[in-house]
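To start, the structure under review is shown below, and the notes come after it.
The values are calculated or read from the model by the stated rules, or taken from the named source; none is laboratory data. Treat the numbers as computed from the prediction; the structure is a model and nothing was measured. Cβ placement follows ideal geometry from the backbone for every residue including glycine, while neighbour counts extend to all protein chains displayed. Surface accessibility is based on the protein's heavy atoms, side chains included, excluding ligands, DNA and RNA. Shrake-Rupley method; radii C 1.70, N 1.55, O 1.52, S 1.80 Å.
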Amino acid sequence: LAPINQGERVGNLVISFSNKSIATLPLIALEDAPESGFFARIVDTSSYFLDKVLVYLNGKFILKNEAFISVMDEALFGDGVYEVFPVYNGLILGLESHLKRLQEGLDDINIVNPYDKKEWTSIINKLISYHQENSKQAIYLQVSRGCDDDRKHTHGKLKPTVYMQSSAFKSPTK
């Protein structure tokens, strides 16, 4: 947080390929960033806490601003399936039908479902629990074919990429 002086190290840039870190470079401030006034600090603080949103990516709950997939992931080419479903006061509406439709979509494009119904339900409920401040949530769930080392259109056995997030949901007004 400010103040930051020109030339000060403010973080690291991690470069990865195929989910492997290949280089870490320092992030250096190119110019001074003085401390802000009262109202600007309120906005900065709000932004800071908004960046603390947890999402689910490939078996882990992580901060949304730290969730990344490889440029070689098939999700970037639309090779996957997604579902969006509502949650009201912690109750998932239509989970059974959403998971059934997810399975049908994965079967249609020959992607192995990485989880069974019990595992999906557990992961989804845990994600919901991290966002209890929202009584109404929309859960976005995506499963892609996964990541390969080379761009080709014949896929062997790739490990599917799973991404899930919760967003505050506002009912449409009449």
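How many of the residues in segment 58-70 are in a strand (DSSP E or B) and either open to solvent by 80 Å² or more (accessible area, probe 1.4 Å) or touching a Ser or Thr at 6+ places or on another chain (Cβ under 8 Å) (or both)?
Count: 1.
Name the one entry in Glu66, Glu104, Glu119 that is modelled with pLDDT under 95 and at negative phi. Break it down into steps so the answer makes sense when it comes.
Numbers: Glu104 fails: modelled with pLDDT under 95; Glu119 fails: modelled with pLDDT under 95.
Only one candidate passes the filter, namely Glu66.
Being closer than 13 Å to Ile111 by Cβ and among the polar types (S, T, N, Q) is the filter; apply it to segment 131-151 and report the residue that is farthest from the chain's Cα centre (by Cα).
Of everything passing the filter in segment 131-151, Ser144 is farthest from the chain's Cα centre (by Cα).
Within segment 30-51, is even one residue at pLDDT 80 or above and either open to solvent by less than 80 Å² (accessible area, probe 1.4 Å) or touching a helix residue (DSSP H, G or I) at 6+ places or on another chain (Cβ under 7 Å) (or both)?
no
Mind checking whether some residue in segment 154-166 is touching a His at 6+ places or on another chain (Cβ under 6 Å) and either under 22 Å from Asn58 (Cβ atoms) or buried (at least 18 other Cβ atoms within 10 Å of the Cβ) (or both)?
yes
For the subset of segment 86-118 comprising residues that are open to solvent by 100 Å² or more (accessible area, probe 1.4 Å) and in a helix (DSSP H, G or I), which member is farthest from Gln137 (Cα to Cα)?
Applying the filter and picking the extreme gives Asp108.
Condition first: more than 27 Å from Leu63 (Cα to Cα) and among the small types (Gly, Ala, Ser). Now tell me which residues in segment 101-153 satisfy that.
Passing the criteria: only Gly105.
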